[in-house]
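Below: one structure, written as C-alpha cells.
The values are calculated or read from the model by the stated rules, or taken from the named source; none is laboratory data. In this text the structure is predicted, and so the values were computed from the model without any measurement. Virtual Cβ from ideal backbone geometry, glycine too; neighbours counted across all protein chains shown.
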Amino acid sequence: MKKNCFYTIVLEHILSLISTGELMPGDKLPSERALCSALDQNRNTVRHALLLLQREGKIFRLERKGWYLTPTRLVYNPANHINFARLAESQGRKAHWTTIDNGIVHASNLTDTGGDEGFPSGTPVYEMDNVFSLDGLKVACVKNYIHAERLPGIIPKTAHTGMTQVAEEQYSTPLIQRRLLIRPLLLPKFVTTELSITPGSPGVYVRRIKTDSNSVVLTVEHEYWRFDAIELRVDQ
C-alpha cells in the first residue's frame, strides 16, 4: 500500500465504529494515541484522517478534550421567528442559553449596530451576549443590540423566554424581520474561545435586523454558529 493511502485505514476504522453503532452522536472518539497503537499508524497519519472527517462535518474537536462524533444537526430556517428553545424542543433536543448584560451603548455607524441599515447613530441600545447549547454542547454565540427606549428592561425577561416572544407578549411589540444576511466565515477568536473549539474553525454567520410595524429598528442580532451544528433549510 502506498504510504499516502495509510490514512484510509484510520478512516475506515472510524466509519466502521459509526456504522455499527459503537460510536453514537456526541460520543468521544478513541484518543489519537490509542488510534495510533490500535492501527499501527503514526500520529501524522491519524491526524490527517481525523481532519478529513472534521472537514466533512462528521467529527469535531474540543480544545484539550479530544475528538467527538458530531451530534445530529439542528434543522434551522433563519427566515422563521421561532425561538431557539422552541426550535430545539420541536426536534427532540434540549436547549440552554446563558445571558450576559453588557449595559447600554450608543449606536454608531459601525456594522455591530447594523451600519446604515441599523439603528440611527446615537440611539441608546442594550448590548447582550448569549451562548446557545444543545444537549449540553455549546453551538453558537449571539451578540444582540436592542433599542433601550422602546424595549426598556427586556434583558432579564429573556433569561428563560426568547426575545421575540417577550417583545410580543410583554411589550405588545411584534418583532418583524426585515433584513437577513447569511454567510460562511472563519469564526472569530472570541467565539472559538467560548465554544472551546479550534481557533479559525469554520462557521455560519447570521445577521438579523428586526423592526416594529413602522419599520423602526428594534434589534440587530449577530449569530455565530459552528458549521457542523446546523442545517440551514428555507421552505418555500
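Test of understanding: among 157, 143, which residue is assigned by TED's automatic domain parsing to the domain that holds residue 108, closer than 24 Å to residue 101 by Cα and in a helix (DSSP H, G or I)?
Criteria check complete, one pass: 157.
What tally of residues in segment 134-187 results from selecting those that are without any contact (Cβ under 8 Å) to a residue 40 or more places away in the chain and hydroxyl-bearing (Ser, Thr, Tyr)?
Within segment 134-187, residues that are without any contact (Cβ under 8 Å) to a residue 40 or more places away in the chain and hydroxyl-bearing (Ser, Thr, Tyr) number 2.
Grab the helices (runs of 4 or more DSSP H) fully contained in segment 1-79, keeping just those with 2 or more residues being surrounded by fewer than 17 Cβ atoms within 10 Å (Cβ to Cβ) and among the basic types (Lys, Arg).
Here the list reads 43-55.
In this structure, is residue 13 in contact with a strand residue (DSSP E or B) (Cβ under 9 Å, 6 or more places away or on another chain) and either without any contact (Cβ under 8 Å) to a residue 40 or more places away in the chain or within 30 Å of residue 235 (Cα to Cα) (or both)?
No.
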